[in-house]
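Below: the structure, in structure tokens.
The values are calculated or read from the model by the stated rules, or taken from the named source; none is laboratory data. Keep in mind that what you see is a predicted model, and the values were worked out from it rather than measured. Positions of Cβ are backbone-derived with ideal geometry, glycine not excepted, and every protein chain shown enters the neighbour counts.
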């Protein structure tokens, strides 16, 4: 039995034909073009689902969709998505009617976490958390093989627990959130400040003095090249990341925490010092939880969406 997994983003609609083990047998995608009417986006999703289903070597059980925002999986309703033209929209029913297949929906971060659990870095675990260090911080929690959505299906907003009371303002409006310090946005902010304070340093030289060119990769590259200012930026970033991960360990006690997103691509260069910090911070100084890099990259959401009906 096969399923179609769809990762509906603000930029692209990516889809794949997924087998029971979470392997992607075929992929396709189209631009979202999110400013257009919702009906056109829905039509493209249905066309992707039908094309991939037609390519399956056996029966297709249905379609899973992951998308950013607040969703009600049991009802198949998207309550709100800030970068898509949907609000209180019965997406599962609409897409099922258009594609001719059963449809189930879920938050995209939860899908990515499920994908890593089924076929990625958390495979073989019982309980896992996937942390995506991107423009913001996304998160998904898997407990005993199932997505933990909470009473109102809003669990997993791990970017918005506070690690510095009265600290930097977060995009959510609170002060001191994990996301404000450990997202790519937060790291870029700190890096720009460091360049302004040291305009003749290597980081400034690497961007030609143009702060608009600063990205989250810059301080890592400069630190490896021996720049002391960049090294301090990264050390402080690792401190904050370790604090946030330690909180997650204390609350959820997972087998594994999977680190993904753009910053997560630093891999062991980032995780070796972070593990060392976490091992000093965890209760009893006994780090049982593994902290590992994500394995599936951009495919995690497709795989997780494709596994929703059978595992969620």
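Values computed for the structure shown
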quantity: Within the stretch 137-182, tally of residues that are farther than 18 Å from residue 253 by Cα and surrounded by 22 or more Cβ atoms within 10 Å (Cβ to Cβ); calculated: 9
quantity: Residue 130 being under 19 Å from residue 182 (Cβ atoms), out of contact with any strand residue (DSSP E or B) (no Cβ under 9 Å at 6 or more places or on another chain) and assigned by TED's automatic domain parsing to the domain that holds residue 248; calculated: no
quantity: In the stretch 81-101, the residues that are in contact with a helix residue (DSSP H, G or I) (Cβ under 6 Å, 6 or more places away or on another chain) and either surrounded by fewer than 16 Cβ atoms within 10 Å (Cβ to Cβ) or not assigned by TED's automatic domain parsing to the domain that holds residue 7 (or both); calculated: 85
quantity: Residue 234 in contact with a strand residue (DSSP E or B) (Cβ under 6 Å, 6 or more places away or on another chain), closer than 17 Å to residue 133 by Cα and modelled with pLDDT of 95 or more; calculated: no
quantity: Where a residue in the stretch 273-302 is at positive phi and its partner, wherever it lies, is surrounded by 13 or more Cβ atoms within 10 Å (Cβ to Cβ), with Cβ under 7 Å and at least six apart; calculated: 285/279
quantity: Some residue of the stretch 36-47 being touching a strand residue (DSSP E or B) at 6+ places or on another chain (Cβ under 9 Å), under 26 Å from residue 21 (Cα atoms), surrounded by fewer than 19 Cβ atoms within 10 Å (Cβ to Cβ) and at pLDDT 95 or above; calculated: yes
quantity: Members of the stretch 213-232 found to be under 18 Å from residue 270 (Cβ atoms), part of a helix (DSSP H, G or I) and free of Cβ contacts under 8 Å to residues at least 24 places away in the same chain, listed by number; calculated: 221, 222, 223, 231
quantity: Positions within the stretch 169-181 being free of Cβ contacts under 8 Å to residues at least 40 places away in the same chain and touching a strand residue (DSSP E or B) at 6+ places or on another chain (Cβ under 7 Å), in sequence order; calculated: 169, 170, 174, 175, 176, 177, 180
quantity: Search result, residues across the stretch 122-148 that are assigned to a loop (DSSP other than H, G, I, E, B) and at pLDDT 95 or above; calculated: 122, 123, 124, 125, 126, 148
quantity: Matching residues, the stretch 251-280, being touching a strand residue (DSSP E or B) at 6+ places or on another chain (Cβ under 6 Å), farther than 26 Å from residue 145 by Cβ and not in a helix (DSSP H, G or I); calculated: 267
